[in-house]
Amino acid sequence: MKLLVVNGPNLNMLGIRERHIYGDRDYDALCRYIQGEAVKLGCEVEIFQSNHEGTIVDRIQAAYSDGTQGIVINPAAYTHTSVAILDALKAVQLPAVEVHISDVNQREAFRHVSYAGMACEAHFIGLGFEGYGKAMAYLCGK
Ligand code: DQA
């Protein structure tokens, strides 16, 4: 099983940004956690992060023909704004799972809308890093 994990803007600032919301662990720690879960699950994983909407769309499109079998996506702020990322996920027709570190449903009203989530078949929200592991296990169990 070959998975792609896509992380959106400012997730590279984990450990620095709003630590009362996202915790003290940095982005490298998240990547190590994801790689460790991949080993446990026996799957292959590529982790991709970008602060740019179009670059994220390009990476999702590339997944159509690069052997990716499932996408875990935390589009970060683009969750709440990006029809382009929603359309890209629909276009490639790969199973996709949405992850958010924080519980977006308990935060500001503008975070309650998820466009990307409309193309996702499962959602792990507010579970910290563990949401990524659960999303990967979900896709590997398919
Ligand atoms: C986030 C939640 C988003 O609302 C926010 O813009 C982020 C991170 C999360 O993982 O909790 O950047 O996706």
Which residues, counting only those in segment 5-26, are free of Cβ contacts under 8 Å to residues at least 60 places away in the same chain and open to solvent by 30 Å² or more (accessible area, probe 1.4 Å)? Asn12, Met13, Ile16, Arg17, Glu18, Arg19, His20, Asp24, Asp26
Taking Asp87 as meeting all but one of (1) surrounded by fewer than 21 Cβ atoms within 10 Å (Cβ to Cβ); (2) in contact (Cβ under 8 Å) with a residue 60 or more places away in the chain, write down the number of the exception. (2)
Do we find a residue being of a type outside the set (Lys, Arg) and assigned to a strand (DSSP E or B) anywhere in segment 73-90? yes
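Every residue, every condition in (1) among the aromatic types (Phe, Trp, Tyr); (2) within 16 Å of Asn7 (Cα to Cα); (3) out of contact with any Phe, Trp or Tyr (no Cβ under 6 Å at 6 or more places or on another chain), yes or no:
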site	(1), (2), (3)
Lys40	no, no, yes
Phe48	yes, yes, yes
His52	no, yes, yes
Val104	no, yes, yes
Gly117	no, yes, yes
Leu139	no, no, yes
I need the full set of residues from segment 103-129 which are open to solvent by 40 Å² or more (accessible area, probe 1.4 Å) and more than 19 Å from Glu18 (Cβ to Cβ), in order please. Val113, Tyr115, Met118, Glu121, His123, Phe124
Note on segment 76-99: residues β-branched (Val, Ile, Thr) and within 9 Å of the ligand (Cβ to nearest atom) are Thr79, Val99
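The values are calculated or read from the model by the stated rules, or taken from the named source; none is laboratory data. All figures in this text were calculated on a predicted structure; none of them were measured in a lab. Every residue, glycine as well, gets a Cβ built from its backbone with ideal geometry; the counts of neighbours run over all protein chains shown. Surface accessibility is based on the protein's heavy atoms, side chains included, excluding ligands, DNA and RNA. Shrake-Rupley method; radii C 1.70, N 1.55, O 1.52, S 1.80 Å.
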